[in-house]
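As structure tokens, the structure follows; a few thoughts come after it.
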Amino acid sequence: MRKYVIMGVQGSGKGTQARMLAADLDMVHISVGDIFRWNVQNHTKMGAQVRRVMAAGELVGDDLVESVVRDRLTQHDWNYGFIIDGFPRSRRQAEFFLESYDIDGVIVLDLPDSEVRRRVLNRRLCANCGMDYNLIANSPKVPGRCDTCGGELVTREDDTEEALAVRLREYHKEAEAVLEIFRRKEYVFVIDARPAPDEIQAQIRKCLGLPAYQAKEEHAAQRGSAGA
Ligand code: AMP
């Protein structure tokens with residue numbers, strides 16, 4: 001059973017890398033941001049609670065985040081392990097997490113802020129199936145339409161200059177606090193997030209001592225170049 005955390009600022013490709021890692025190793029990919037986005041899109045009570053905070057690029061309160069993570073992990077559908085993306089994002093979340101779970105490795109995708117801005121402002125998301133696109137390196141075949149389901153491609157509500165500036169500031173502050181806790185365990189791997197997705201994945205697997213990535217057709221279709 002493998003348990004990993006993947007961290008990185010928005011646009012660093014952590015969603016893409018987590019999906020590639022989970023796909024052929026039969027791990028479950030858990031994205032806290034995706035869970036919140038699903039709730040917003042489906043107009044749930046939780047969606048109403050987090051929508052404004054998310055759109056402003058701010059962090060959702062620790063209590064709610066912790067209950068979402070606890071509920072997700074107690075489903076125990078992760079027989080071969082999990083890779084969690086976008087969590088923990090604060091010292092308190094990290095401490096809460098380590099109280100209940102032993103982590104085998106923490107991957108930090110490192111990207112300069114200037115590159116983050118370029119990627120995030122060119123990011124699009126399928127409103128129907130959630131697939132990520134990047135208009136720089138991974139544009140859809142038909143402009144504005146998802147290659148997989150034909151759904152409409154939209155800009156994430158929080159992918160604006162203003163929200164991004166807030167997120168970058170928050171990220172640097174919180175990531176340092178979280179990493180300080182993880183570094184005590186000596187299993188933090190900082191990976192350059194600028195190369196192509198396949199190269200980054202190879203580097204991650206080398207650090208974690210995992211077998212090389214086996215692209216399966218259905219998995220290859222899910223890979224974007226610079227996802228959440
Ligand atoms: P992400 O897709 O990981 O960038 O998350 C999108 C948004 O969801 C963030 O900007 C936050 O508003 C919220 N969010 C996701 N994960 C967390 C977390 N661990 N703590 C607080 N807020 C979070």
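Residue 129 versus residue 141, label points 7 Å from Cα toward the beta carbon: distance in nm?
Taking the simple label geometry, residue 129 and residue 141 are separated by 1.2 nm.
Which value, in Å³ per residue, describes the convex hull spanned by the Cα atoms of segment 108-161?
Convex hull of Cα atoms, per residue: 92 Å³.
Could you work out the relative contact order of segment 1-128, using alpha carbon pairs under 8 angstrom and six or more residues apart, expressed as a whole percent? Please list the in-between numbers first.
Numbers: 148 pairs, mean separation 61.5, N = 128.
Averaging sequence separation for qualifying contacts and normalising by length gives 48 percent for segment 1-128.
Any idea how many Lys pairs in the chain come in under 17 angstrom at the alpha carbon, given 8 or more places apart or on separate chains?
Going through the chain pair by pair, I get 4.
How large is the accessible surface per residue of the chain, computed with a 1.4 Å probe and reported in Å² as a whole number?
Ligands and nucleic acids excluded, the result is 49 Å² per residue.
What Rg and what Dmax come out for segment 32-133 when only alpha-carbon atoms are used, in angstroms?
So, for segment 32-133, Rg and Dmax equal 15.1, 39 Å respectively.
Give me the Å³ per residue figure for the convex hull around the C-alpha atoms of the chain.
Dividing the Cα hull volume of the chain by its residues yields 117 Å³.
In whole Å, what are the extents of segment 1-89 along the principal axes defined by its C-alpha atoms, from largest to smallest?
36, 28, 22
Only helical DSSP H runs with n ≥ 4 go in: add -39500 (n - 2.57) per run for the chain, normalise by residue count and round the 222 nm mean residue ellipticity to 500 deg cm²/dmol.
One gets -13500 deg cm²/dmol as the mean residue ellipticity at 222 nm.
From the backbone phi of segment 106-122, what are the Karplus-calculated ³J(HN,Hα) couplings (6.51 cos²θ - 1.76 cosθ + 1.60, θ = phi - 60°) in whole Hz, Gly and Pro given as x?
10, 9, 10, 8, 9, 9, x, 4, 5, 6, 4, 4, 4, 5, 5, 6, 9
Given a 1.4 Å probe and heavy atoms of the protein chains only, how would you sort 58, 174, 66, largest accessible area at the top?
58, 174, 66
Suppose we take every Cα in segment 67-117 and form the convex hull; what volume per residue is that in Å³?
Dividing the Cα hull volume of segment 67-117 by its residues yields 116 Å³.
The values are calculated or read from the model by the stated rules, or taken from the named source; none is laboratory data. Note that the structure is a prediction, hence the values are computed from the model and not measured. FYI the Cβ positions are ideal-geometry reconstructions off the backbone, even for glycines, and counts take in every protein chain you see. Quick note on the areas: whole protein, heavy atoms, side chains included, nothing else; ligands and nucleic acids left out. Shrake-Rupley method; radii C 1.70, N 1.55, O 1.52, S 1.80 Å.
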